[in-house]
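> Take this structure first; my questions come after.
Just so you know, all these numbers are worked out from the coordinates, no wet-lab data involved. Because the structure is predicted, anything quoted here is derived from the model rather than measured. Ideal geometry is used to build each Cβ from the backbone, glycine not excepted, and the neighbour counts take in all protein chains shown.
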Amino acid sequence: MNFFRCSRLFVTPSSFFKYFLKDLIWEMPTNEKKIWLTFDDGPDPIYTTQILKILDEYSIKATFFLEGEKVIKYPKLMELLKRKHHSIGNHTYSHLNGWKTSTDAYLKDVYKAQKVIKSSLFRPPFGRIKISQIKNLIKDFKIIMWSIMPLDFSNKISDSEFRGNIIKNVKKGSIIVLHCNSKSHYKVCKNLPVVLEELLKKEYEFCSTW
Ligand SMILES: [Zn+2]
């Protein structure tokens, strides 16, 4: 089945998926209008910097799941994120697909990243992680998934569909995943200000503590 032909199904994860992976965090428990904005795949001197600029304009704090390899390359960017009081999380060292990687090799990669990232938060790249990997990582990390993936990386959806994926699905405790990478950059930078204004108008508060 073509992923993008049924892409709408993937904007919010199914309860079937959530049931079998219930040790993972899919949304935050809250009765208040709070949401958690997250960005994967940084830090990057162009993409992350641009996103930071937009977040600054609205005084919004987010969580950045970083790749260890990129942190080694751009350590000052991770420091900048921390200095601006955003949260950071581990996104493996080399952006591994858990389904295609042995548990030993996966854990080695995560802890290699941990030496520089030093966070209690983890998000598996591609959302793909094996039960055996979860069982090990859950001892040291909160494993953060998402409740809204608006498909910022897809060139098959329009700007308004992308914005709608967020605005129409958002609710108390939503975790929204966006990306700091070349595939997502144009769509995120073009639409993020409008989305943030829309969410602020709906009186949502942005959280970055977990
Ligand atoms: Zn990723």
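> May I ask you to compute the full-extension gain from ILE138 to ASP56, defined as 0.36 nm times their residue separation minus their alpha-carbon distance, rounded to one decimal in nm?
26.3 nm is the gain from fully extending ILE138 to ASP56.
> Still on this model: Let me have the 222 nm mean residue ellipticity of the chain computed from DSSP H runs of 4+ only, each contributing -39500 (n - 2.57), with the sum over all residues rounded to the nearest 500.
Theoretical 222 nm ellipticity from helices: -11500 deg cm²/dmol.
> Length gain on complete extension for the stretch LYS190 to GLU203, per 0.36 nm per residue less the alpha carbon to alpha carbon distance?
Gain in length upon complete extension: 2.5 nm.
> Can you tell me the length gained on complete extension of the stretch LYS33 to LYS118, counting 0.36 nm per residue apart and subtracting the Cα distance?
Using 0.36 nm per residue and subtracting the Cα-Cα distance, I get 27.7 nm.
> Here is a further query. Could you let me know the centre-to-centre spacing of segment 53-102 and segment 162-210, using Cα atoms, in angstrom?
Using only Cα atoms to place each centre, the spacing works out to 17 Å.
> When a/c is below 1.5 the answer is rounded, else prolate if a/b is larger than b/c, else oblate, so apply that to segment 44-207 with a ≥ b ≥ c taken from the square roots of the Cα gyration tensor eigenvalues.
Verdict is prolate for segment 44-207.
> Do any chymotrypsin sites (Phe, Trp or Tyr not before Pro) in segment 115-187 lie in a DSSP loop with no more than 14 other beta carbon atoms within 10 Å, and if so, which?
Passing both the DSSP loop test and the Cβ count: no residue.
> What is the sum of charges around SER119, taking Lys and Arg as +1, Asp and Glu as -1, for the other residues whose C-beta is under 13 Å from the C-beta of SER119?
In short, +3.
> Hey, another quick one. For segment 44-207, what is the charge dipole size about the Cα centre, in debye to the nearest 20, if Lys and Arg each add +1 at the Cβ and Asp and Glu each add -1 at the Cβ?
So the magnitude is around 420 debye.
> Can you give the local net charge around LYS73? Use residues other than it whose beta-carbon is closer than 12 angstrom to its beta-carbon, Lys and Arg +1, Asp and Glu -1.
-1
> Which of the pairs LYS115/LYS135; LYS142/LYS172; LYS34/LYS84; LYS18/LYS84; LYS53/LYS156; LYS61/LYS190 have their Cα atoms more than 29 Å apart in this structure?
LYS18/LYS84
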